[in-house]
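This report refers to the structure that appears directly beneath it.
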Amino acid sequence: MNWLRLQMRAGLRAARQMVRQPFNTLLAALVVGIAAALPATGYMLLGNLQRLAGTVSAAPEISVFMQPGASADVVKDSEKKIRALAKEGRVELISRDAALKRFRDNDALAEILDALPDNPFADAFVVRLKDADAERLEALRADLAKLPEVEHVQLDSDWAKRLDALIALGRQALSMLAGVLGLGLVAVTFNTIRLQLLTQRDEIEVSRLLGATDAWIRRPFHWFGALQGLLGGALAGLLTLVATRMLAQPMSELAGLYSLEFVLRPLAVLDWAVLLALCALLGWLGASASVRRHLSRIA
């Protein structure tokens, strides 16, 4: 109980010190918040990309394009053969008229399509399979390509593989960025506490003369660094939330171009808690390192 009481007193003392210097406190917290917001926003975007990749990978698609000018009977017969080969998969017919209408909705392409004498599109089927491995997909693609009425077969999972590779690269880059900025946050807190120690040099010397231990002297500075990091973490979370709001609409419109329903999700409550805890820990580490280094130099 005595230890807890001492910690509470030190925390209140550090909080009062921050309140007495609102400009310096806000400035330092803003530096911490901006630095922490960069990896936090990257983590948010990476998590959303992983969710998108998981959705795409869960239902890979095979596009089967019929020969131009194929009759309705040929298309109907091909549909039966495709369904027999796909078995448990879902087969959707996209007629040439539906494809033309979809592209006409694009103002940039409407004039070009109107200038063409005939419909340039062919009937196509989209085959979606769940829980299919790469070998199964490739084997099905080869079987579909052998059908005499089929002009071209495209396996639409290659871009998902590239997306997975990009996410892996982004994860490594984000880890490096978080590590570098984490060291930066420790350095910022280190310098802030150093200035606090120099400012309170006389007070520390008097406290030592009165019998104060180094642990008693260090405790408020540790709390000052932790509270500064906590405040910076809160600002980082708010900046990340603002970035999520600003990017939500453009991301939704971009996903719509690929016929995907995608909503950009903000950081979860657990992610917020981890962000606050990490920033507070980095602040405490910076304060601890600064106090240990400079307190010994104060006689």
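The values are calculated or read from the model by the stated rules, or taken from the named source; none is laboratory data. All values derive from a computational prediction rather than experimental measurement. Don't worry about glycine lacking a Cβ; one is built from the backbone with ideal geometry, like all the others, and counts go over all protein chains shown.
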### Single condition R102 does not satisfy, out of (1) modelled with pLDDT under 80; (2) surrounded by fewer than 14 Cβ atoms within 10 Å (Cβ to Cβ); (3) in contact with a Leu (Cβ under 9 Å, 6 or more places away or on another chain)
(3)
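Among the residues in region 155-174, are any closer than 19 Å to I34 by Cα and at pLDDT 85 or above? Explain how you work it out, then say what you get.
Our first condition is that a residue be closer than 19 Å to I34 by Cα; within region 155-174, this holds for 173-174.
Narrowing the set further to residues that are at pLDDT 85 or above leaves 173-174.
Within region 155-174 (the criterion being closer than 19 Å to I34 by Cα and at pLDDT 85 or above), the answer is yes, since at least one residue qualifies.
Condition first: polar (S, T, N, Q) and more than 23 Å from L185 (Cα to Cα). Now tell me which residues in region 2-29 satisfy that. Reasoning before the result, please.
Kept after step one, since they are polar (S, T, N, Q), are these residues of region 2-29: 2, 7, 17, 21, 24-25.
Those that are polar (S, T, N, Q) and more than 23 Å from L185 (Cα to Cα): N2, Q7.
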### Query
Among A234, A187, A243, A226, which is surrounded by 21 or more Cβ atoms within 10 Å (Cβ to Cβ) and among the small types (G, A, S)?
A226
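Looking only at region 2-19, count how many residues are without any contact (Cβ under 8 Å) to a residue 24 or more places away in the chain and over 37 Å from the mean Cα position of the chain (by Cα).
As a first pass, look at region 2-19 and keep what is without any contact (Cβ under 8 Å) to a residue 24 or more places away in the chain: 2-5, 8-9, 12, 16, 19.
Add one more test, that the residue is over 37 Å from the mean Cα position of the chain (by Cα), and what stays is 2-5, 9.
Residues flagged as without any contact (Cβ under 8 Å) to a residue 24 or more places away in the chain and over 37 Å from the mean Cα position of the chain (by Cα) within region 2-19 amount to 5.
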### Query
Assuming V274 fulfils every condition listed in (1) of a type outside the set (D, E, K, R); (2) within 15 Å of A36 (Cβ to Cβ); (3) crowded, with 16+ Cβ neighbours inside 10 Å apart from one, which condition is it?
(3)
